[in-house]
Amino acid sequence: MSLSVAVEARLGERAFALAFESDAAVTALFGASGCGKTSTLDMIAGLRRPDAGRIVVDGETLFDSAAGVNLQPEARRIGTVFQDARLFPHLSVRRNLLYGARVPAEMPALAAELGIAGLLDRWPRHLSGGETRRVAIGRALLSKPRLLLLDEPLAHLDRARADGILELIRGLAAAARVPILYVSHDLRELTALNARIIDMNI
Amino acid sequence: MSLSVAVEARLGERAFALAFESDAAVTALFGASGCGKTSTLDMIAGLRRPDAGRIVVDGETLFDSAAGVNLQPEARRIGTVFQDARLFPHLSVRRNLLYGARVPAEMPALAAELGIAGLLDRWPRHLSGGETRRVAIGRALLSKPRLLLLDEPLAHLDRARADGILELIRGLAAAARVPILYVSHDLRELTALNARIIDMNI
Amino acid sequence: APLNIYAASSLTEVVNDLADAWAKAGHERPVPVLGASSALARQVQAGAPANLFLSADEQWMDVLDRAGLLVAGTRADLLTNRLVLVVPAADRRKVVIGNNFAFAALVGRARWVTGDPASVPVGRYARAALSNLGVWAAAEPTLARAENVRSALAFVERGDAVAGIVYATDAKASAKVRVAGVFPAVSHPPIVYPVAVVKGGDSAEARAFLAFLRGPAARRLFVARGFGMAR
Amino acid sequence: MSEAETLIILLSLKVALVATLFSLPLALALAWALAKPAWPGRALLDSAVHLPLVLPPVVTGYLLLIAFGRDGVLGQALAALGVSVLFSWQGAAIAAALMSLPLLVRPIRQALEAVDPRLPAAARTLGASRRRAFMSITLPLAVPGVLAGAVLGFAKALGEFGATITFVSSIPGETQTLPLAIYAALQVPGQEGVAARLSLMAVALAVAALLLSEWLARRARRYRA
Amino acid sequence: MSEAETLIILLSLKVALVATLFSLPLALALAWALAKPAWPGRALLDSAVHLPLVLPPVVTGYLLLIAFGRDGVLGQALAALGVSVLFSWQGAAIAAALMSLPLLVRPIRQALEAVDPRLPAAARTLGASRRRAFMSITLPLAVPGVLAGAVLGFAKALGEFGATITFVSSIPGETQTLPLAIYAALQVPGQEGVAARLSLMAVALAVAALLLSEWLARRARRYRA
Ligand SMILES: Nc1ncnc2c1ncn2[C@@H]1O[C@H](COP(=O)(O)OP(=O)(O)OP(=O)(O)O)[C@@H](O)[C@H]1O
Ligand SMILES: Nc1ncnc2c1ncn2[C@@H]1O[C@H](COP(=O)(O)OP(=O)(O)OP(=O)(O)O)[C@@H](O)[C@H]1O
Ligand code: MOO
Ligand SMILES: [Mg+2]
Ligand SMILES: [Mg+2]
C-alpha cells in the first residue's frame, strides 16, 4: 500500500498544512490535542474538503484540487472509526455491524473476537463507552475498506480489552489484510504496532 | 470527605450491585469495559435511580430507598465530567464554562490552566476531541461541587496535556479542595493520583 | 343517473322537500347540491354535472346566461321572498317600518346584522331598503356583515346581535327569532330566485322537474316554507 | 348511526386517507429540497408551499377549479387521458391534499434538519450512496417528524371545507365529506343537533388517527427509551 | 394601494400578530405538557388541541360564538370586566389564535422531544433547577422548531376565514381581514381582479414572515454551521 497526502485547509482561524507519504502497514498521526489529526482523517475519508492538495491511495487519486478530482466518500472505500464512534442510534448493534458489510457471514466471528457477540440485539444508546468503540471498529472492518482510519480506537477500553484489540489490529496489518492510518496519543500503542510515525507537533 | 455507596440496579439483562465506602481524597472505580462504572456515577449524580440502596456523601443522605430519600440532581452538588463530555452545543465555550459557575471570576485562570483560554468564543462543535474534554473538566470544576465525578477524563488527551490535567486533579485532591471519584482503565493514572481503588472486576 | 339540482344554500330545506316529493311521485330522487350562488355558478362554468341551477340572485344567473351555459327558453323567475326585521324571540318589541323609522334607536349602541351588502344578496336588499327609507346612514356604523343569511340569523338567535335583516323564509324557519317588522316590498328591488336548465344537463327528466317546480304540488311546498311564487 | 352517516364517514375517510397518502411522498420531496442548504429559488418554493395556508380556502378552491376545469391546463391534460377529477371524490382528495401540504412539509423538514449530519456522513464512509444514506439513516431518524406531519395533514384533510366545497361542490355520496355535511346541517335552523352528532364523528376519526400516530412514533423512538 | 386596502392590510397584520403572540406561550405550555412522558389525560389534551383542524371552521366559529356570546360563560366573565370581544378585532385575533394553535403545538412539541435529554440532565448536575435547565438548554435547542411553528401559525392566522367570519362577522375597519375581503370580492361577478390583488398582498405578507423566520432559524442554528 502506498499513501500520499498533501493538504492545506483552514481550521478555524488557523492555516493548516500537512504532507506525508507512507507505505508502511501502519502509519500513525501523532500530535497534541487540537493539532489537526481528526481533520486530516476527515479529508482523507472525503468528509471535509481541503482547500488545496492531493490525496492518493494505492495509485488512485481520491482528491486533487489542481485536476478537479474529488471522489465521493462512498467511492473511496476508506473505513473510519470515528473518535466519537457515530453508531447509528436507530439500528441494533447487529444492524450497525452489517450496515456496510461486504461479507455479512464474517460478522459473528468478528463480533466474538471483539467481545460484543452478546450485545448484538442492543440499541447503541445502551452500550458503555468501551462497548460503543468496539462496535465502531467492527462496523468499519466489515466494510472491507482498502484503507482503515482509526481515530483513538483504544480510548475508553480497559487494559485487557485494549490489548486484545491492539492484537487484532496488528493481525490485520501483518497479514496486509488492510493498511491502517492510526491516530493516538499513546506512544506505547504505536510502538506495539510498529507504526511509521508522522509527528504533527510543530 | 466520606463517601458511602451501596446500590442495586438492573443494567439491561444484568443484576448489578456495588457497595463501597471511602474517605480517600481520590477514590477510583476500576474495572473492565461494561462493568458498570458509568452507571454507578449516574446513580451518585442523581441521573439514574437505583432499585435499592443508599448513597451518603459527607454525612448527607442523597439517596435512601428505605427512607424514601432521593435528592434532585441540582440539590446534590455533584460535579460530573461525562464520558461523552455533553457540552451544551448552542453555548460558546465561555458560556459552557460559566453555566454553573459559582465564582465566575475564577474562569479565566482555570481556562488558562486547562489550555483552553484561546477557545472561549468557539462553538463546541468546532472543538477537537481533547479540547472538548478539557472544557468539560473546567465546566464541572467551576460549579464548585462537593464531590467531583470524573469518567475517563484523560481519554483523547495527548501525553503532555494528560500529565498537565493529572497534575491539576492531584492539586485539587491534595489541597482537599474537592474530593474525587475517578473512573479510569489506566492503573498508571490511578497510581499517580494515589487513589483508593475500588476493583469492580468480579 | 339522478338529477343534480345546484341550489343556493338558503333553499336547503325546500329543495329537500321538493326532492322527496319528486321521489314520492315515482322518480329517482334528485341530488341537492347546495352552496353559495357564486360558487355554484363558477362550478357550472367549469363544467359541473348540474341539471338545474336555482340561484339566490339574478346576477350569477346572468353570468351563466351571458356565457351561453343555460338552455334557451328555460330560464324563469321561480320564487319571491320578503325582507323582514328580526329580533331575538324574547324581545317583544314591534317596529313599524316606514320612512325614517327609528332603526338606530332600536339598535342603540349594540350591533345589528345582515349579509355583507358588498357580496351577499340579502345584504344588498337590506342596504337598498334602508337607503330608500332614509335610515342607512344611521344604521351602517353598527352593522355586522355576515357571510350568509343563515349566519346572520345565528347572531340574532343567540342574542349577540339585537336585530337582523333576513328573508321571511329564514325567520319562519327559526323558533328563536321573532319578526318585528316587514319591509315594504317597494322599499327594495324585488327578491327573485331564478331557475334554469343547464346546458349539458338537459334531458327529458330535467325538463319534467322544471315543470314540476312550476306546478301546484311544488307551489304548496314553497308556500309552506314562506316563499312567494314569482308572477 | 344512520346509513347516510356511515356513507359520509366512509367517504371522508377515503378522501382523507388518499389525500394523505398522495401528499406524503410529495411533502417528503419538498421537505428534502427545503432542508438542503440554501439554493436559488428555495425561498420561492418555500413560499409556494405555504400559499394554501395563507390564502382563504375559497381562493385555493377557485384556483383548482380554474386549473382542473373544462378549459384549465390540468383539466384538459386529464381529459386527454379520459380522467376527470372535477366534482368527484378524487377532486375532493386533491383539494384536501393541497390544503394539508404545508402542514406536512414543515414538521418533516424540521425533522430532517434535526438529524446530525455526521451520521449519514458515517454511512457514506461505509459505502452507502448519498441516496442510501438518506433512506437508511436520515429518513428513519426523522420518522417521528414524518408522523407528526402526517397526523396534522390527515386531521386537516378530514376537516377541509372551504377549498373542497368551492372546487368539487357538496354532492351527497360523491363529494360531501363530514365538514360539508356539518356545514349543510348548520344551514338549517334547528339542525344543530345533527351538526353536533357529525362533529363528534369527525372528532372520533381524528382521535383514532392521533392515537395510531402516537403509537407509531413511540415505536419509532424505541431506541431512545 | 388604496387607503381601504392599506387599512385592511394593517388590520390583518395586527390580528395575525396578536393571535400569534398570544398563542405562542400557550402553544409552548401545551407542547411541553404533551412532550412529557405519558400521563393520564395526555391523549385527551392532544386530541383537544387538534380539534380546530378537524372541525369545519364554521363549527369552531359557532362554538366561539356560544362561549363568548352574551350568554356564554366566557362572554359573561369578560362582560363583568367590561370587555367584549364579539364583533371586534380582538375576537378576530381569538379566532385566528385558536385555529392556528394545532399548527404551533406540533412542531414545537416535536422540537422539544428531539432534544437529547442528557443535555438538560448535565445542566442539573451543574446546579440548574428543572426549570432553568428547560429554559436555558431544552428551549433554546428547540428554537428552530418554535420558529417553524410560529411561521405556520402566523400564516394560518393571516389566512383564517371561516371561524373568523362566523364569530365576529365582517366589519370593515374592525374585523374585515384580508381573507374576508377577498371572499367578499369573489362573491361579486367581475370582481376577481380585486380578489387577485388582495391575494397578492396576503402572499407578500406571508413571504415576509417566512423570510424573517428563516433568517431567525439560521441564526439560532449558527452553532451547527
Ligand atoms: N469548523 C471549525 N471551526 C473552528 N475551528 C475548527 C473547526 N474544525 C476544527 N477546528 C479546530 O482545528 C483544530 C484541529 O481539530 P482536530 O479535531 O483535527 O484536532 P485533533 O488533532 O483530532 O485533536 P484531538 O486529539 O483533541 O482530537 C482544533 O483546534 C479545532 O478546534
Ligand atoms: N438501559 C440499558 N439497557 C441495557 N443495558 C444497559 C443499559 N444501561 C447500561 N447497560 C449495560 O450495563 C453495562 C454497564 O454500563 P456502563 O456504561 O456503566 O459501563 P462502564 O463500566 O462505564 O463501561 P466503559 O468503561 O466501557 O464505559 C454495559 O454492559 C451496558 O451495556
Ligand atoms: O382553512 Mo379552512 O378555513 O379549513 O377551509
Ligand atoms: Mg481528534
Ligand atoms: Mg463508561
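The values are calculated or read from the model by the stated rules, or taken from the named source; none is laboratory data. None of these values were measured; they are calculated from a predicted model. No Cβ is skipped: glycine too gets one built from the backbone with ideal geometry, and neighbour counts run over all protein chains shown. For accessibility, only protein heavy atoms count, side chains too; no ligands or nucleic acids. Shrake-Rupley method; radii C 1.70, N 1.55, O 1.52, S 1.80 Å.
The table below lists the values:
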| read-out | value |
| --- | --- |
| Distance (nanometres) between label positions extended 7 Å along Cα→Cβ at A:Asp58 and C:Arg231 | 9.5 |
| Average other protein chain Cβ within 10 Å of Cβ, residues C:29-42 | 6 |
| Peptide D:210-221 - average C-beta neighbours from other chains (10 Å radius) | 2 |
| With DNA, RNA and ligands ignored, accessible area of D:Leu200 (1.4 Å probe; Å², nearest 10) | 120 |
| Residue among B:Ser92, B:Ser33, B:Ser22 with the largest mean-square fluctuation in a Gaussian network model of chain B, springs linking Cα atoms under 10 Å | B:Ser33 |
| Mean shadow area of the range E:3-223 over all directions, Cα convex hull, nm² | 14.7 |
| FRET efficiency, 1/(1 + (r/R0)^6) with R0 22 Å, evaluated for C:Ala224 and C:Val186 via beta carbons | 0.25 |
| Cα-based radius of gyration of the protein assembly as shown once divided by 2.2 N^0.38 Å, which approximates compact folds | 1.16 |
| Axis proximity, chain B to A: residue whose C-beta lies nearest, plus whole-Å distance | B:Ala155, 2 |
| In sequence order, calculated HN-Hα J values of the range C:219-225 (Karplus, 6.51, -1.76, 1.60; Hz; x Gly/Pro) | 3, 4, 5, 4, 5, 4, 8 |
| Angle between chain A longest axis and helix A:159-174 axis [Cα atoms, degrees, rounded to 10] | 60 |
| Tensor-based shape of the range C:123-200 (alpha-carbon gyration tensor, a/c under 1.5 rounded, otherwise prolate or oblate) | oblate |
| Computed magnitude of the charge dipole of the range D:3-223 (debye, nearest 20; Cβ of K, R +1, Cβ of D, E -1) | 1220 |
| Two-decimal ratio, the range A:1-139, of alpha-carbon radius of gyration to 2.2 N^0.38 Å | 1.19 |
| Histogram of C-alpha separations across the range D:21-133, 10 Å bin width, % | 13, 33, 30, 16, 9, 0 |
| Two-decimal ratio, chain C, of alpha-carbon radius of gyration to 2.2 N^0.38 Å | 1.05 |
| For C:Val33, distant residues with modelled amide H under 5 Å away | C:Ile5, C:Tyr6, C:Ala7 |
| Dimensions in Å of the range C:1-115 - Rg and Dmax from alpha carbons | 18.9, 55 |
| C-alpha center-to-center spacing [the range D:47-87, the range A:151-202] in angstrom | 65 |
| Exam field: B:Ser4 pseudo-label spacings to other copies (7 Å along Cα-Cβ), nanometres | 7.0 |
| Peptide B:100-110 - average C-beta neighbours from other chains (10 Å radius) | 1 |
| Gaussian network model of chain C, Cα within-10 Å springs - most flexible of C:Pro49, C:Pro30, C:Pro141 | C:Pro141 |
| Percent antiparallel among DSSP beta bridges (both partners in chain C, rounded to 5) | 60 |
| Centroid-to-centroid separation of the range B:69-101 and the range D:1-17 [C-alpha atoms, Å] | 55 |
| Order of exposure, largest accessible area first, which applies to E:Trp39, A:Trp123 with probe 1.4 Å | E:Trp39, A:Trp123 |
| Label point distance in nm, A:Arg49-A:Phe20, each placed 7 Å from Cα along Cα→Cβ | 2.6 |
| With all protein chains modelled, accessible area of C:Thr169 [1.4 Å, Å²] | 10 |
| Solvent exposure, largest accessible area first (probe 1.4 Å, DNA, RNA and ligands not counted), of D:Ser84, C:Ser174, B:Ser4 | D:Ser84, B:Ser4, C:Ser174 |
| B:Arg102-D:Ser88 pseudo-label distance in nm [points 7 Å out on the Cα-to-Cβ vector] | 7.6 |
| Position A:Gly68, label points 7 Å along Cα→Cβ, spacing to each other copy in nm (shortest first, one decimal) | 7.6 |
| Other-copy label distances relative to A:His126, 7 angstrom Cα-Cβ extension, nm | 3.9 |
| Cα-only Debye scattering, the range B:76-202: base-10 log of I(q)/I(0) at q = 0.17, 0.18, 0.22 Å⁻¹ | -0.84, -0.95, -1.42 |
